[in-house]
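Beneath this line is the structure, given in structure tokens, with notes to follow.
The values are calculated or read from the model by the stated rules, or taken from the named source; none is laboratory data. Everything numeric here is computed off the predicted structure, so don't read it as measured data. FYI the Cβ positions are ideal-geometry reconstructions off the backbone, even for glycines, and counts take in every protein chain you see. Please note that ligands, DNA and RNA were not included when accessible areas were found on the heavy atoms of the full protein model with its side chains. Shrake-Rupley method; radii C 1.70, N 1.55, O 1.52, S 1.80 Å.
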Amino acid sequence: MTIEPEQIQWFLNLPYLRSKKNVDIGFMHIPLPEYRMAAENITSGKFGENVCAPKVNSGLFYALLRNKNVKALFAGHDHNNNFSSTLDGIELNYGNTTGYNCYGDLTRGCVEINLYPDKIEKFVITFESMEEISRVR
């Protein structure tokens with residue numbers, strides 16, 4: 001599935017204050033083609049399968065770079081990836097597979113995202129670690 005030019009224009013026309021001070025993040029199901037480049041420089045997490053992104057580059061990543069407001073993107077779709085990387089100053093992240101009714105070898109869980117004025121913190125929380133926390137309490 002490809003992002004259409006009208007969708008990018010809609011994003012560019014959103015009526016809110018864009019600022020380098022703001023920490024804006026985006027969520028999408030299908031990763032952008034730039035995730036392929038990001039997979040070459042993983043900073044955390046696991047690369048378990050090829051990035052399944054569209055072959056046609058929509059230009060959304062360039063629009064994000066040009067606007068300088070989105071600091072991080074989170075994608076899903078590839079159930080064996082939960083890595084993070086940075087490309088041209090934008091963090092490209094995968095979530096973690098949560099469901100059991102799908103393929104994938106990753107331990108099921110989620111990503112906790114903490115937003116601060118100047119940074120983003122991310123933690124993979126597995127369902128196994130949640131069980132451990134419950135037993136300790």
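Could you state the accessible area per residue of segment 33-97 in Å², with a 1.4 Å probe and every protein chain left in place?
Per residue, segment 33-97 has 44 Å² of solvent-accessible surface.
If each of residue 115 and residue 12 carries a label point 7 Å out from its Cα toward its Cβ, how far apart are those two points in nm?
According to this spin-label approximation, the distance is 2.4 nm.
Please report, in cubic angstrom per residue, the volume enclosed by the convex hull of the alpha-carbon atoms of segment 1-110.
112 Å³
Ignoring ligands, DNA and RNA, what percent of the 1.4 Å accessible area of segment 1-97 is carbon and sulfur? Mind showing how you got there, number by number?
On the way: 3020 of 5380 Å².
Of all accessible area on segment 1-97, carbon and sulfur atoms account for 56 percent.
With the Cα gyration tensor of segment 45-128 giving a ≥ b ≥ c as the square roots of its eigenvalues, does the rule (a/c under 1.5 for rounded; else a/b larger than b/c for prolate; else oblate) give rounded, prolate or oblate?
Because a/c hits 1.5 or more and a/b fails to exceed b/c, segment 45-128 counts as oblate.
Nearest 5 is fine: what % of DSSP beta bridges in the chain come out antiparallel, could you say?
In the chain, approximately 65 percent of DSSP beta bridges are antiparallel ones.
Ordering 77, 29 by accessible area with a probe of 1.4 Å, largest first, what comes out?
Accessible-area ranking of 77, 29, largest first: 29, 77.
Which of the GluC sites (Glu not before Pro) found in segment 4-95 are loop residues per DSSP with 16 or fewer other Cβ atoms within 10 Å of their Cβ?
Passing both the DSSP loop test and the Cβ count: 40, 49.
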